[in-house]
1. Being assigned to a helix (DSSP H, G or I), open to solvent by 60 Å² or more (accessible area, probe 1.4 Å), of a type in the set (A, V, I, L, M) and without any contact (Cβ under 8 Å) to a residue 60 or more places away in the chain is the requirement here; does Leu77 meet it?
2. What single numbered condition from (1) over 22 Å from Val112 (Cβ atoms); (2) surrounded by fewer than 16 Cβ atoms within 10 Å (Cβ to Cβ); (3) hydroxyl-bearing (Ser, Thr, Tyr) fails to hold for Thr23?
3. Tell me which residues, restricted to segment 49-74, are under 22 Å from Ile218 (Cα atoms), part of a loop (DSSP other than H, G, I, E, B) and either open to solvent by 50 Å² or more (accessible area, probe 1.4 Å) or modelled with pLDDT under 90 (or both).
4. Take the residues in segment 117-152 that are in contact with a Phe, Trp or Tyr (Cβ under 7 Å, 6 or more places away or on another chain) and modelled with pLDDT of 95 or more, then tell me which one is surrounded by the most Cβ atoms within 10 Å (Cβ to Cβ).
5. Within segment 166-186, is there a residue that is out of contact with any strand residue (DSSP E or B) (no Cβ under 6 Å at 6 or more places or on another chain) and under 15 Å from Trp35 (Cβ atoms)?
6. May I ask you to say which residue of Val163, Val197 is within 18 Å of the chain's Cα centre (by Cα), at pLDDT 95 or above and either aliphatic (A, V, I, L, M) or assigned to a loop (DSSP other than H, G, I, E, B) (or both)?
7. Applying the selection to segment 165-177, what residues are surrounded by 14 or more Cβ atoms within 10 Å (Cβ to Cβ) and either on the phi > 0 side of the Ramachandran plot or not polar (S, T, N, Q) (or both)?
8. With (1) touching a Cys at 6+ places or on another chain (Cβ under 6 Å); (2) surrounded by fewer than 12 Cβ atoms within 10 Å (Cβ to Cβ) as the list, and Ser82 as the residue in question, which single condition is left unmet?
Amino acid sequence: PGDPKGSVGERLADLVFTSIMETDPALVVDMHNDWIRSIPYALIETHPGAAYETAYRKTENFALLSGLLSIRDTEMLPKTLSHALHHRHVPCLTLELGESYVVNEKNIAFGVQSVENIMVYLGMMMASGPGFRYPVPEICRQTVLDYGLRPFAATSGIIRFLVKAGDIVAAGQPIARIYNTFGKLQETMKAEKKSIVLGHTDSSVAFPGMPVMAFGVI
């Protein structure tokens, strides 16, 4: 949440966090971008512990209400806005809407419609239609999927993706191939679990230990 006597960045974080807490929010929606080749999704942090169960379950409910694919992070990230808010019993939801450095009108519309879904639920506005639902396979609906970044690349080279954002992949299915500069195949990457592809890296080059694709594990 920052430090009022810390660095410039810490003081700004404290100012933002204090301003949020003064409003006593029912929910904080944090708007983010993701890789360029990605589908929009609602991200919640990993469970912060039994002491914060009420806020966390409310966050899960809001994620499902958003109309987007609901994803739960599997790594605890203590120096984040959502972590700090959950530890003050405030629900917090991150909307990952894709594409940094460009204005994508389609993703903006998805974000607006998701927030409208939540505002209708909270009684802040009247519904103008049946409610927004992002088109994902039925197997991914009405549940929260775990976030995954594995497998990591094992070699260096030029990467060629075999699947795209929104595809369902089976365990063991080839998802990408890595070639050296002479076109020789170095590695075929395979999905570890049945998942929906959330997106893949913007880079055309892979390095050992580098995540190249993100998944919602089914």
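1. no
2. (1)
3. Across segment 49-74, the qualifying residue is only Thr74.
4. Taking the candidates together, the pick is Ile118.
5. There is at least one residue in segment 166-186 that is out of contact with any strand residue (DSSP E or B) (no Cβ under 6 Å at 6 or more places or on another chain) and under 15 Å from Trp35 (Cβ atoms).
6. That would be Val197, the only listed residue that is within 18 Å of the chain's Cα centre (by Cα), at pLDDT 95 or above and either aliphatic (A, V, I, L, M) or assigned to a loop (DSSP other than H, G, I, E, B) (or both).
7. Those that are surrounded by 14 or more Cβ atoms within 10 Å (Cβ to Cβ) and either on the phi > 0 side of the Ramachandran plot or not polar (S, T, N, Q) (or both): Ala165, Gly166, Asp167, Ile168, Val169, Ile175, Ala176, Arg177.
8. Tallying (1) touching a Cys at 6+ places or on another chain (Cβ under 6 Å); (2) surrounded by fewer than 12 Cβ atoms within 10 Å (Cβ to Cβ), Ser82 fails exactly one: (2).
The values are calculated or read from the model by the stated rules, or taken from the named source; none is laboratory data. No experiment lies behind these values; they were computed from the predicted model shown. Methodologically, a virtual Cβ is constructed for each residue, glycine included, from the backbone with ideal geometry; neighbour enumeration extends over all protein chains shown. Side chains are part of the model used for accessible areas, which takes the heavy atoms of the whole protein and leaves out ligands, DNA and RNA. Shrake-Rupley method; radii C 1.70, N 1.55, O 1.52, S 1.80 Å.
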